[in-house]
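In what follows, a structure is listed as structure tokens, so that the remarks can point back to it.
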Amino acid sequence: MILELSAAGIAAALAGGAWYGRGYAARASSTWPAEGRMIDAGEARLHVLETGDASAPRILMIHGASANLRELWGPLAADLARDHRVIAYDRPGFGHSTRPKRNAHQIATQARLAAAVLQQTGSGPAIVVAHSFGSAVALRLALEHPELVAGLVLVAPFTHAYPHQPVWWARLAAVPVIGDVFSSAIVPWVGPTMARTSVASNFWPAQAPKNFYDDAGVGLVFRPSTFRANALDVCATKTEFAAQAPRYGDLLTPTIVISAEKDKIVSPKRHARALAAELQSVELVTAPNTGHMPHRLRPDLVLSAVRRVASMVSAPAER
């Protein structure tokens, strides 16, 4: 009898959690609504935001894990739009983009969807500005679609295999069935309350801006479907990066890598510095006393990098 009551109590708690999760998802989507347009990329419908002169050279911004297009848009879009057509999109399953039913965790799939964004938002190659996991997508985009990528600016990149396991919450959320329950019944309750610690770790050793949670739409990631999509992407990174990294040396794309000096989320040595050593046309910039968010703390470095890459790709070829 006691066991039956306990089982019934657990079932009721999980049902209540799932009900709360559905409500949370609706509230978060309303709090941070889609502000751009949707494009049909075949495998998914992608939320795209654009600004700047449509005839200007293009920039595509690709956000990292646990994020959405607001992450890079907030500190960079207005300044970049003075000289460029700026395009940002929510990666599949994040923000307001849908997610393919198959192989969405594969970087090849994500790069194919990034290519669709460029193909449907103008013409000519773009400079791609990417943060963290988004850098791996940007590199694959350059490898598979060099005609679409004029140059790369990679901020605190996450690009190489690593010896440890992915974080515990990603491993748990990625497990079939159990991960669905965790993502739908527990994460919407506890995620927002724990976000302050996670945000602080990303900005360490600096202080996180007071308005960051709202400005970047952090709460969107705690929607059940988004949280699970994020977990699946994160858990696939070791295998995906191991397969992709040997190709980095083939790239001739002008690239600036911005390394966060004191990043405790992604190892600068294992990722940014290793990448800079492998690429053929690259400049490595170190953001001093900066954690995993140089684009938020030192946007001037990113803007300067974009200008330098733009000058490289627009310079006349030697005869």
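Here are a few things to note about the model shown:
- The angle between the Cα long axis of helix 299-314 and the main principal axis of the chain comes to about 50°, on a 0 to 90 degree scale.
- Cα convex hull of region 113-182 - mean projected area over all directions, nm²: 6.4
- Computed over region 58-217, Cα set: Rg, Dmax in Å: 16.5, 48
- Cα gyration tensor shape of region 192-259, rounded if a/c is under 1.5, else prolate or oblate by comparing a/b with b/c: oblate
- Built amide H within the under 5 Å cut-off of Ser66, gap 5+: none
- The chain: C-alpha pair distances exceeding 28 Å, %: 37
- Cα-based helix-to-principal-axis angle, 224-244 vs the chain, degrees rounded to 10: 50
- Extension reserve of the Val177-Glu35 stretch, reckoned as 0.36 nm per residue once the Cα distance is removed: 47.8 nm
- Dividing the summed -39500 (n - 2.57) terms of all DSSP H runs of n ≥ 4 by the residue count of the chain sets its mean residue ellipticity at 222 nm at -14000 deg cm²/dmol.
- Placing dummy labels 7 Å off each Cα toward the beta-carbon, the span from Ala277 to Gln207 is 3.8 nm.
- Once the convex hull of all Cα atoms in region 157-216 is built, its volume per residue stands at 129 Å³.
- Summing charges over neighbours of Leu46, with a neighbour being any other residue whose Cβ is under 9 Å away from its Cβ, gives 0 when K and R count +1 and D and E count -1.
- Remark: relative contact order (region 171-248) = 41 percent; criterion is Cα-Cα distance under 8 angstrom and separation of 6 or more residues.
- Where the alpha-carbon atoms of region 181-319 are placed on the principal axes, they occupy 63, 35, 26 Å, in descending order.
- Stokes-Einstein D for region 259-319, Kirkwood Rh over Cα pairs, 20 °C, 1.002 mPa s (µm²/s): 167
- Between the alpha-carbon centres of region 243-258 and region 54-102 there is a gap of 21 Å.
- Taking a sphere under 13 Å around the Cβ of Ala276 and counting the other residues whose Cβ falls inside, with K and R at +1 and D and E at -1, yields a net charge of +1.
- The angle between the Cα long axis of helix 187-203 and the main principal axis of the chain comes to about 30°, on a 0 to 90 degree scale.
Read-outs: derived from the displayed coordinates by stated rules, not from any lab. Remember, predicted model here, so these are calculated numbers, not experimental data. Don't worry about glycine lacking a Cβ; one is built from the backbone with ideal geometry, like all the others, and counts go over all protein chains shown.
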